[in-house]
Amino acid sequence: MSALLPPPAKHWWKQPLDRVEGTWIVIALTWCLIMFFMMPYWHVYGKQNLSNEAYRTTPEVYTKKTQEMVDKYTVRKETAQEIPVVHPPAGSDVYLIARLWQWWPILELEAGKTYRLHIMSMDWLHGFSLQPENINIEVHPGYEHLLKVTPTNAGTYSIICNEFCGINHHTMASKLYVTSPK
Ligand code: CUA
């Protein structure tokens, strides 16, 4: 029978189900249910999901806090854009700005110490993606995102934007330095 022709019997769905077809329906349905229940399961037991908090704020308020940290703890400048590299005290609140098309400043953290990392977008949606750790946060404008981070290994990590944010989205990349404990 071809799908191009109308079904010969009017009540075609009353025909008995082929065994193979039935088996596939059962397999597909079972898999759907497994995938469905994996979502809540993974949220609780999966280790890659960060529970983050978000608070409403404005770019002005947030910029002020970031600027204060930068003024106090800048250790050097990097790249052609002279982006400050900031080494704040271990365990403190650290601030990162996402904007077209830059992460500002560059943070330098110490391994084994816990920080409160704040991230906010100054304009529109960006995506914070820390590689190769694969930590991903959607950074919405109007909200200060807050997450607790404890870098475990010293090294240089990459921060890339993984939400398309315009013509220079691909250049919106930065670094995160993690230094060995002294
Ligand atoms: Cu910011 Cu893409």
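Model label sites at Ile34 and Arg19, defined 7 Å from Cα along the beta-carbon direction, differ in position by 2.3 nm. Potential lengthening of the chain between Ala111 and Gln81 amounts to 8.1 nm, from the contour at 0.36 nm per residue minus the alpha-carbon distance. Ordering Phe37, His145, Val70 by the projection of their Cα atoms onto the charge dipole of the stretch 1-158, which places +1 on the Cβ of Lys and Arg and -1 on the Cβ of Asp and Glu, puts Phe37 at the extreme positive end.
For the chain, lysine pairs with C-alpha atoms less than 15 angstrom apart, excluding pairs fewer than eight positions apart on the same chain, total 5. Put a plus charge on the Cβ of each Lys and Arg, a minus charge on the Cβ of each Asp and Glu, and nothing anywhere else: the dipole of the chain about its Cα centre is then about 320 debye.
Each DSSP beta bridge with both residues in the chain is either parallel or antiparallel, and the antiparallel ones are about 70%. Just to confirm the number: angle between the C-alpha axis of helix 59-73 and the first principal axis of the chain, 0 to 90 degrees, nearest 10? Approximately 50 degrees, to the nearest 10. Helix 19-45 axis versus longest C-alpha principal axis of the chain: approximately 20°, rounded to the nearest ten.
Gain on full extension, evaluated as 0.36 nm per residue between Thr179 and Leu5 minus their Cα-Cα distance, stands at 55.6 nm. Hydrodynamic analysis of the chain uses the Kirkwood radius over alpha carbon pairs. Inserted into Stokes-Einstein at 10 °C and 1.306 mPa s, it gives a translational diffusion coefficient of 81 µm²/s.
Values quoted throughout were computed directly from the atomic coordinates according to the rules given, and no laboratory measurement underlies them. As the structure is a prediction and not an experimental result, all values here were calculated from the model. All Cβ positions, glycine included, derive from the backbone under ideal geometry; neighbour counts span all protein chains shown.
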